[in-house]
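Note sheet for the following structure.
The values are calculated or read from the model by the stated rules, or taken from the named source; none is laboratory data. What you see is a predicted model; the values in this text were computed from it and never measured. Positions of Cβ are backbone-derived with ideal geometry, glycine not excepted, and every protein chain shown enters the neighbour counts. Please note that ligands, DNA and RNA were not included when accessible areas were found on the heavy atoms of the full protein model with its side chains. Shrake-Rupley method; radii C 1.70, N 1.55, O 1.52, S 1.80 Å.
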Amino acid sequence: MTKYVFVTGGVLSSVGKGIVTASIGKLLQARGYSVTAIKIDPYLNVDAGTMNPYMHGEVFVTEDGGETDLDLGHYERFLHINLSKFNNITTGQVYLKVIERERKGEYLGKCVQIIPHITDEIKSRIRFVAKREEVDVVVVEIGGTVGDIEGLPFLEAVRQMRIEEGYQNTVFVHVALVPILEVTGEQKTKPVQHSVQELRRIGIQPDIIVARCKVTLEDEAKRKIALYGNVPLDSVFTSYTVGTIYEVPLILEKQGLGKKVIERLHLEPREPNLRDLEWFVGRIKHSKRKVVVGMVGKYTKLKDSYISINEALVHAGAHLAVKPTLKWIEATDIEEGRISVEEALSEVNGVIVLPGFGKRGAEGKIMAIKYARENNIPLLGICFGMQLMVVEYARNVIGLEHAHSTEIDPKTPHPVIDLMEEQTRIKQLGGTMRLGAYPINLFKNTLAYSLYSKETIYERHRHRYEVNPKYIDKIFAHGLRISGLSYDGRVEFVELSKKEHTFYLGTQAHPEFKSRPLSPSPPYLGFLKAAIGLI
Ligand code: GLN
């Protein structure tokens, strides 16, 4: 029988509920229990794919091509598992399904209502994941903050699940912020108290409260949370600020959270094995040698926009015992002359040209690529970054004047990057890119092959444009070469030979989505090695 952990949030969003959720999963997994995680997003979008990264951070892509919330990335990285699009449930999906059913006449004669029809659909989606993955425990994070109108149907659904699944098979964990008053340094628990009251008003009594606070909770604050939150004192934990998110499971384990969850779920108590994680956290903390990575993009103001890339660098850094330090470079600043490309790229050991969409910043990225190519600075281009590497090469080396991607300049005389053929027939924009993992064939004696040491690899994708097949002969007759192709002949990797450049690699894929703490993504690892002069 599957057990469920439901994680709710109070006071504010963005307090690290996703990390606590992933950490709980980790503590169960460390005890030999199989775990999966679900993120519930109470917005009306069917998926995160149509949202701007400024709104919502990165769109995380699953193996099966789901465009999901970035918390799924945390779950995958913490738990070293692959999730599917079913692990991200949104209001949009739920209503779409119920309304489709209503139109088909499946509720004929009935009045279709939030309770029970919407709540039934929510429960069935949660249980579907439990059944599909056959795990011991499903950790379900309910996005947003308790008290939000849009979150209510989800809270009602999980309240019902407690009754249906049984008290001993469900545990409610409430994560809420404890602010500290600047003047007095006092830890204020009132907001937590109120958010628990709000939960109880709708029939949910949390079993465990995790306070998110800058520092460990003082006894007095803990006592108050226990008293007003109506939980025993030993069920109050603090997720205090630590240097790396990967340390959160360790600090929560030390406080006894793993044991408490196990006890509440009536699972057999076991000793946790967190040695790998401890090693990894130790490496992050003790690796002092700095390596500066220039991150050229256009959503650089919200660091969450590229979170999987940041994490891929953290993983590679730990592996090499170096400390990646990111220098965010806004491509529009280069493009509009607010900073020269020399200045922007001074002091960097390597450059990553980040994924993206649309015109803004594209010329700035191209300038950065040219500079890195000509000055032998290790360069990794991801998706749009790789496409612009091809544009830059076409223009400046091959001499195809005004070459461009038709995404940016539909009238370019040399559309070296163009819409994929099948995309020309697509009318709807939601969920219609080339999404998810596809096999890529790597060619021997290339940089790409040397990084993966494998001929067939699977990386995830999210794009509509590609290297124009009509230009392949023209572009790749010179130094730039193709080192990986998809099985249907799409350009997946491009590179310059070792003779021409230390590390010059572009990929149409997003290898960052598959990077894990103990198995860093090969292109990121190779890039970082080059940046510290190891290759
Ligand atoms: N905008 C480009 C495309 O659609 C690249 C997308 C990306 O970088 N993820 O092909």
Quiz prompt | Centre separation in Å (Cα based) which lies between region 394-426 and region 450-529 | solution = 19
Quiz item: Under a Cβ-Cβ cut-off of 9 Å, what is the net charge of the residues other than E253 that fall near it, where Lys and Arg count +1 and Asp and Glu count -1?
Solution: +3
Quiz item: Relative contact order of region 438-535: what whole-number percent is it, with Cα pairs under 8 angstrom and at least 6 residues apart?
Solution: 27
Practice problem: Could you list which residues have their amide H under 5 Å from that of E492, counting only those 5 or more apart in sequence or on another chain, with H placed in the peptide plane? | Solution: G484, L485, S486
Practice problem: Order M295, M1, most accessible first, counting only protein heavy atoms with a 1.4 angstrom probe. | Solution: M1, M295
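Determine, from the Cβ-Cβ distance of N273 and K470 and an R0 of 41 Å, the FRET efficiency 1/(1 + (r/R0)^6), rounded to the nearest 0.05. Don't skip to the end; give the middle numbers.
On the way: r = 55 Å, r/R0 = 1.33.
Working from the Cβ atoms, E equals 0.15.
Which entries of K85/K303; K444/K499; K298/K444; K411/K514 have Cα-Cα distances beyond 26 Å here? The partial results should precede the final answer.
Details: K85/K303 24 Å; K444/K499 16 Å; K298/K444 34 Å; K411/K514 36 Å.
Exceeds cut-off: K298/K444; K411/K514.
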Self-check item: Amide H contacts under 5 Å for V416, placed H, 5+ residues apart
Solution: H404
Quiz item: Taking K and R as +1 and D and E as -1, what net charge do the other residues with C-beta under 13 Å from the C-beta of E150 add up to?
Solution: -3
Quiz item: Quick one: Karplus J couplings for region 199-211, per residue in order, coefficients 6.51, -1.76, 1.60, θ = phi - 60°, nearest Hz, x for Gly and Pro?
Solution: 5, 5, 4, 9, x, 10, 9, x, 8, 9, 10, 10, 7
Practice problem: On the full set of protein chains, 1.4 Å probe, figure out the accessible area of Y33 and give it in Å² to the nearest 10. | Solution: 20
Exercise. Quick one: what are the phi-derived ³J(HN,Hα) couplings along region 302-314, Karplus 6.51/-1.76/1.60 with θ = phi - 60°, whole Hz, x for glycine and proline?
Key: 10, 4, 5, 4, 10, 4, 5, 5, 4, 5, 4, 6, 4
Quiz item: Say R0 is 45 Å: what FRET efficiency, to the nearest 0.05, do C111 and T406 get from their beta-carbon distance?
Solution: 0.35
Quiz item: What 222 nm value per residue comes from the helices of the chain, counting each DSSP H run with n ≥ 4 as -39,500 (n - 2.57) and dividing by all residues, nearest 500 deg cm²/dmol?
Solution: -10000 deg cm²/dmol
Exercise. Can you tell me the relative contact order of the chain? Whole percent, Cα pairs under 8 Å, sequence separation 6 or more.
Key: 15
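Please identify the trypsin sites (Lys or Arg not before Pro) of region 278-351 that satisfy two criteria: DSSP loop assignment and at most 15 other Cβ atoms within 10 Å. Which are they?
Working: sites: R283, K285, K288, R289, K290, K298, K301, K303, K327, R338; in loops: K288, R289, K298, K301, R338.
The qualifying sites are K288, R289, K301, R338.
Computing the accessible area with a 1.4 Å probe over protein heavy atoms, can you report the carbon and sulfur percentage for region 38-84? Walk me through the intermediate numbers first.
Numbers: 800 of 1360 Å².
Carbon and sulfur atoms account for 59 percent of the accessible area of region 38-84.
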Quiz item: Counting only the heavy atoms of the protein chains, how much of C111 is accessible to a 1.4 Å probe, in Å² to the nearest 10?
Solution: 90
Exercise. Mind pulling the angle between the C-alpha long axis of helix 219-229 and the longest principal axis of the chain? Nearest 10 degrees, somewhere in 0 to 90.
Key: 70
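I need the shape label for region 375-432. Rule: rounded when a/c is under 1.5, else prolate if a/b > b/c, else oblate, with a, b, c from the alpha carbon gyration tensor. Don't skip to the answer; put the middle values down first.
Working: a/c = 3.55, a/b = 1.55, b/c = 2.29.
Because a/c hits 1.5 or more and a/b fails to exceed b/c, region 375-432 counts as oblate.
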Quiz item: What residues qualify as long-range amide H neighbours of V175, i.e. H under 5 Å apart, gap of 5 or more or another chain, H built at 1.01 Å from N?
Solution: T8, G9, G10, V210
Quiz prompt | For region 281-292, Karplus couplings with θ = phi - 60° (6.51, -1.76, 1.60), whole Hz, Gly/Pro x | solution = 4, x, 4, 4, 5, 9, 7, 9, 5, 7, 10, 8
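Taking only protein heavy atoms into account and a 1.4 Å probe, give the accessible area per residue of the chain in Å².
Values: 22330 Å² over 535 residues.
So the chain comes to 42 Å² accessible per residue, rounded to a whole number.
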Practice problem: Place +1 on the Cβ of every Lys and Arg and -1 on the Cβ of every Asp and Glu in region 385-465, take the dipole about the Cα centre, and give the residue among M389, I440, A403 whose Cα lies farthest towards its positive end. | Solution: I440
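If you wrap a convex hull around the Cα atoms of the chain, how much volume per residue is inside, in Å³? Mind dumping the intermediate values first?
Values: hull volume 86.7 nm³, N = 535.
Spelled out: Cα convex hull of the chain, divided by residues, is 162 Å³.
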Practice problem: Pop out the carbon and sulfur fraction of the accessible area of region 289-354 as a percent, whole number, probe 1.4 Å. | Solution: 48
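When DSSP assigns beta bridges and you keep just the ones with both residues in the chain, what percent turn out antiparallel, to the nearest 5? Walk me through the intermediate numbers first.
Numbers: 25 of 77 bridges.
Beta bridges within the chain, antiparallel portion: roughly 30 percent.
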Practice problem: For helix 17-29, report the angle its Cα long axis makes with the longest principal axis of the Cα atoms of the chain; keep it between 0 and 90° and round to the nearest 10°. | Solution: 80
